[in-house]
Structure formats: structure tokens, C-alpha cells
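Since every read-out is calculated from the coordinates, none of them should be taken as a lab result. Remember, predicted model here, so these are calculated numbers, not experimental data. Note that we place each Cβ from the backbone using ideal geometry, even for glycine, and neighbour counts take in every protein chain shown.
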Amino acid sequence: MYKFYKQKESIACVATRKYRKEETGYAKVKDDIITEFQEKPIISMLMVECLGIYILNTKILKIIKSKKERKNEVNLSFDVLQDLSKRKTVSAFDIGKAHWIDIESPNKAERNKVTVKEIIRKMKN
């Protein structure tokens, strides 16, 4: 991701994905009859999802500081990156169909420790 960011010469880079593996199974239904099951399919999303991983140029700190002087709180995505994206200075690093989970708590990390270890292994390569 860092190499990609340097290539693009952008002020910020955000990890994104176009595809997501669903956490539940789905069924195709016609006339109230299930015609097919799809267990945890990989779906193509209409919009690209931001994954909460950023590479930021140090210039971002000046922008945040100037916005903080005018506002009590500054939201990185909406107050900073939104403006920069309109100037086409934010790049998107697509992780493709690589497996991804959002770890919002230690419990979720523990429940998914096999997946977490696999992601860490891939990151080291």
C-alpha cells in the first residue's frame, strides 16, 4: 500500500475494497420457493468501501490544525479527506478479493483468530 501511495504522489491513501464476503448465507426465492442457496457469497458492492487504514502525508496535520481552530471536533473523512478528494489528491488502494474483517473489539479478534493470523501472514509477505 505504501509503494502504491508513493507512486500516486497523493496526499493521502485509503485502503478500500469493491468486494465483500458476506457473513451470512443467502437464498434465491421465486414464487415463495427457495430455488438456490448461496453460502456466504462474495458480493460486488455498488460503492467502494473504506477500510479505516490510511497513509497520510504530514501536510494533513496542518490541515487538521487549521480546521480545529474553526471547529471543536474534526472528522478526518468528512472534514479533511472529503475536501482533498475533490482536488483528486486522495488515492484508493484496493485490496481486491482478499479476506478482510473489521476488528471492533478484542472478542471479535478472538472469535476470528485463524482469519486474523492469515491476514497478518499475508501482510508480512
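Structure notes:
- Within the same chain, aspartates and glutamates fewer than 8 places from residue 62 are excluded, and of the rest, those with a Cα less than 19 Å from its Cα are 9, 73, 79, 83.
- Within-10-Å neighbourhood charge of residue 26 [Cβ basis; K, R +1; D, E -1]: -1
- By DSSP, the beta bridges lying fully in the chain are antiparallel in about 70 percent of cases.
- Residue order, fewest to most beta carbons within 10 Å, for 95, 42: 42, 95
- For region 1-106, the set of trypsin sites (Lys or Arg not before Pro) satisfying both a DSSP loop assignment and a count of at most 15 other C-beta atoms within 10 Å is given as 71, 87, 88, 97.
- Label zone of residue 102 (point 7 Å out along Cα→Cβ, amide N under 12 Å): in region 15-50 this covers 49-50.
- Counted charge near residue 110, where neighbours are those whose Cβ lies closer than 13 Å (Asp, Glu -1; Lys, Arg +1): +3
- Note on Rg and Dmax of the Cα atoms in Å: of the candidates (1) 14.6, 43; (2) 14.9, 48; (3) 18.8, 60, the value calculated from this structure sits at (3).
- From phi via Karplus (6.51, -1.76, 1.60), per-residue ³J(HN,Hα) for region 71-85 in Hz, x at Gly/Pro: 10, 6, 10, 10, 9, 4, 5, 7, 8, 10, 5, 4, 5, 5, 5
- Counted by Cβ distance under 15 Å from residue 10, the other residues give a net charge of +4, where Lys and Arg count +1 and Asp and Glu count -1.
- Tensor-based shape of region 55-96 (alpha-carbon gyration tensor, a/c under 1.5 rounded, otherwise prolate or oblate): prolate
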